[in-house]
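Below you'll find the structure, written out as structure tokens, and then a few comments.
The values are calculated or read from the model by the stated rules, or taken from the named source; none is laboratory data. What you see is a predicted model; the values in this text were computed from it and never measured. Glycine also receives a Cβ, built like all others from the backbone with ideal geometry; neighbour counts cover every protein chain displayed. Each accessible area value is taken on the protein alone, full model and side chains, heavy atoms only, with ligands, DNA and RNA left out. Shrake-Rupley method; radii C 1.70, N 1.55, O 1.52, S 1.80 Å.
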Amino acid sequence: MADRRKLLLILPEEIVEKILCYLSFDEVSNLRLVCKTFDQLGHHILNKGFLKIEKLHGRCQKDFKSRLPRRQSERRTHALARHIDILTAIETRLSLLTMTFTKYIDLNLCCFIPGKVLDELFMILRMLYRTDNPPRAHEVLEELRDLSSMAMEHFEEKILLDLKKMNSEKLMNYSPYSQPDEGASMLYFPSTPQSTHSTSIASNIKGVRQWMVDVKKSVGKSQSRVNDHNKRLTEQATTINVQNATIINQVMVI
């Protein structure tokens, strides 16, 4: 029986990943607890799913907006008005999720953990294509709001503190521009090493940062000198005013 359980792990990772892709993202998220192999594959599948949902949302939004009339007043009563409202609300939710997770995904410190959120997002986007008259946005997105809010709160309260303690140096040197555009796959494949191109960009960014620090120091010194000059000018102006007043008094006496 034990050998049968190991049969799946004997297969190439590409085949195992293909099999796992038939599961829901929530199930994949739970399977990460089984072993290191499932953890790495789940890491990849969840991150790829988040990237896919962003692309699918953008494609849906572009498609539905292209079918709307040009006049803004006509759009409010158009048959696709609710579709656009739902997509706009999803865009806000995706932005919040991106701000919460992307930095740590880029640094390969974690993956997009809440698989259930991805399942809900895919379900809503598919529903928009199948339904001509969807419910109002607040009704459709109630579950998504709850799931994503709980996921973000859990991440920030239970996981983020440990990540920051264990990876303080990585987080300090993080820059969202340190990854090349064509290296998107690098962000979503934990086993892929960084390319030399990425390393050179990171090195250039460090140089720019150091240059900015030096410039700030130079500006600070210049500002200090300017303040000293201004102080002397003020003192000289005060002295001149006193001398002028003395001269005027002497002239009046004469």
Within the range 124-133, identify whether any single residue is within 23 Å of Asn30 (Cα to Cα), over 14 Å from the mean Cα position of the chain (by Cα) and surrounded by 16 or more Cβ atoms within 10 Å (Cβ to Cβ), and answer yes or no. yes
Against the conditions (1) at pLDDT below 80; (2) touching a Cys at 6+ places or on another chain (Cβ under 9 Å), where does Gln210 fall short? Just the number, please. (2)
Counted residues in the range 98-113 being under 15 Å from Lys52 (Cβ atoms) and either touching a Gly at 6+ places or on another chain (Cβ under 8 Å) or not in a helix (DSSP H, G or I) (or both) come to 2
Given the conditions (1) open to solvent by 90 Å² or more (accessible area, probe 1.4 Å); (2) more than 23 Å from His138 (Cα to Cα); (3) not hydroxyl-bearing (Ser, Thr, Tyr), every one holds for Ile15 apart from (1)
Filter result for Met252 (modelled with pLDDT under 80, more than 45 Å from the chain's Cα centre (by Cα) and either at positive phi or assigned to a helix (DSSP H, G or I) (or both)): yes
Look through Lys55, Lys48 and report the one residue that is farther than 14 Å from Phe112 by Cα and at pLDDT 85 or above. Lys55
Exclusive hit being at pLDDT 85 or above, closer than 22 Å to Phe122 by Cβ, over 26 Å from the mean Cα position of the chain (by Cα) and buried (at least 17 other Cβ atoms within 10 Å of the Cβ), set Leu41, Leu20: Leu20
For Thr88, only one of the following conditions fails: (1) within 20 Å of His154 (Cβ to Cβ); (2) β-branched (Val, Ile, Thr); (3) part of a helix (DSSP H, G or I). What is its number? (1)
Members of the range 82-110 found to be of a type in the set (Val, Ile, Thr) and either open to solvent by less than 40 Å² (accessible area, probe 1.4 Å) or more than 20 Å from Asp63 (Cα to Cα) (or both), listed by number: Ile84, Ile86, Ile90, Thr98, Thr100, Thr102, Ile105
Select, from Glu142, Glu169, the only residue that is at pLDDT 80 or above and either over 32 Å from the mean Cα position of the chain (by Cα) or open to solvent by 100 Å² or more (accessible area, probe 1.4 Å) (or both). Glu142
Selection status of Ser73, open to solvent by 40 Å² or more (accessible area, probe 1.4 Å) and among the small types (Gly, Ala, Ser): yes
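Can you find a residue in the range 53-69 that is aliphatic (A, V, I, L, M) and touching a residue at least 40 places away in the same chain (Cβ under 8 Å)?
Yes; the residues of the range 53-69 include at least one that is aliphatic (A, V, I, L, M) and touching a residue at least 40 places away in the same chain (Cβ under 8 Å).
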Before we move on, is Lys221 at pLDDT 65 or above, assigned to a helix (DSSP H, G or I) and within 30 Å of Phe112 (Cα to Cα)? no
Check whether at least one residue in the range 78-98 is modelled with pLDDT under 85 and among the β-branched types (Val, Ile, Thr), and report yes or no. no
